[in-house]
Amino acid sequence: SGLESRVSELNSQGSYVASTFLDSAGSVAVESVADWLNFRLCQWAFKRNMKLGTRLSPGYGQWSVIEQRGIFGLLPADRIGVALNEQCMMTPVKSISFCVGIGEHLEALSGGQCRYCSLEECAYRREGT
């Protein structure tokens, strides 16, 4: 929430470029943490002869963001200071939730998150998916 406060402060001061860069850095940081955690899960699964599925988050493709409620129902998010508002958006905003399948007989997946997204004309769509 400190980052969000600073971004708002910079915006109110008219420092739009600085606020945009700081906000972008926060987004990259939270996504990097999710990538790191996914990598650690992959290592954990590999040591146990299991496979890991694709990391997906509510709000990707056709998976409704309302499904955040199910994830939050399983986890003690309040212990780390994350909450859901009525629209199922997390606060602080620079937060991320995701699910990933883990199992011995999990089918190997290819194409990453784009494979499950219905936005075929998306500018961020990865090649071959």
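The values are calculated or read from the model by the stated rules, or taken from the named source; none is laboratory data. Note that this is a predicted model, so its numbers are computed, not measured. Virtual Cβ from ideal backbone geometry, glycine too; neighbours counted across all protein chains shown. Just so you know, the surface numbers come from the protein's heavy atoms only, side chains and all, with ligands and any DNA or RNA stripped out. Shrake-Rupley method; radii C 1.70, N 1.55, O 1.52, S 1.80 Å.
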Heavy-atom accessible area of the range 1-114 with neighbours in place, 1.4 angstrom probe: carbon+sulfur share in percent works out to 58 percent
The range 1-74 accessible area per residue, 1.4 Å probe, protein heavy atoms, integer Å², reads 68 Å²
Loop-resident trypsin sites (Lys or Arg not before Pro) in the range 1-110 with no more than 12 other Cβ atoms inside 10 Å, DSSP not H/G/I/E/B, are Arg48
For the range 1-98, one quarter of the surface area of the C-alpha convex hull, expressed in nm², comes to 7.7 nm²
Any GluC sites (Glu not before Pro) in the range 10-97 that lie in a DSSP loop and have at most 14 other Cβ atoms within 10 Å would be Glu86
